[in-house]
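Heads up, the thing below is written out as structure tokens.
FYI, it's all coordinate maths here, none of it is from the lab. All figures in this text were calculated on a predicted structure; none of them were measured in a lab. Note that each Cβ is placed from the backbone with ideal geometry, even for glycine, and that neighbours are counted across all protein chains shown.
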Amino acid sequence: MLNRIVVMTLAFVTVLFSSAYASNASSADRAQALRAIQTTLSLSAEQLSAVEITDIYRSQHNGVLHVYFRQQLNGISIVNAPGNLNIDRNGQLINSYSRLLPDLSARRPLRTPLVAADQAVSILAADRQLPPAQSLQFLDRSN
């Protein structure tokens, strides 16, 4: 019982502090981060538009701006395409890391599904060892 209370308390404190840190970045910090990402990685405006900032906060003890981001294609996050950079309080880049994929626009996937929606659900259910769906009802067939 005590272990459960400790774990729940730690989880609560983690969420509390992470949301407090995540919310301390201003819109100016966000703009500075986007400029730094574009400059550091030599991204075009189109490439930069495919970058989503996933977390940004400024450390209170030293003023360093920590930025975490990932690459997207058509609004969908690309697996294993993260990055981060750290900027000191004077606006100088401390370090950066990126696994963004180059020339992503040239590698655009097919926009036409390879399997029908009901087949996709059946494949997923089988993969997850779930019982097969008896019948599916489509709510929206647009897009």
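A few remarks follow.
- Spin-label model, I76/S122: points 7 Å from Cα along the beta carbon direction are separated by 2.1 nm.
- The label point for A31 and the one for S135, both projected 7 Å from the Cα toward the Cβ, are 5.6 nm apart.
- Residue ranges 79-85, 134-140, 124-130 sort as 79-85, 124-130, 134-140 when ordered by packing (mean number of other C-beta atoms within 10 Å per residue, highest first).
- Fewest-first sequence of H66, H61 by Cβ atoms within 10 Å of each Cβ: H61, H66
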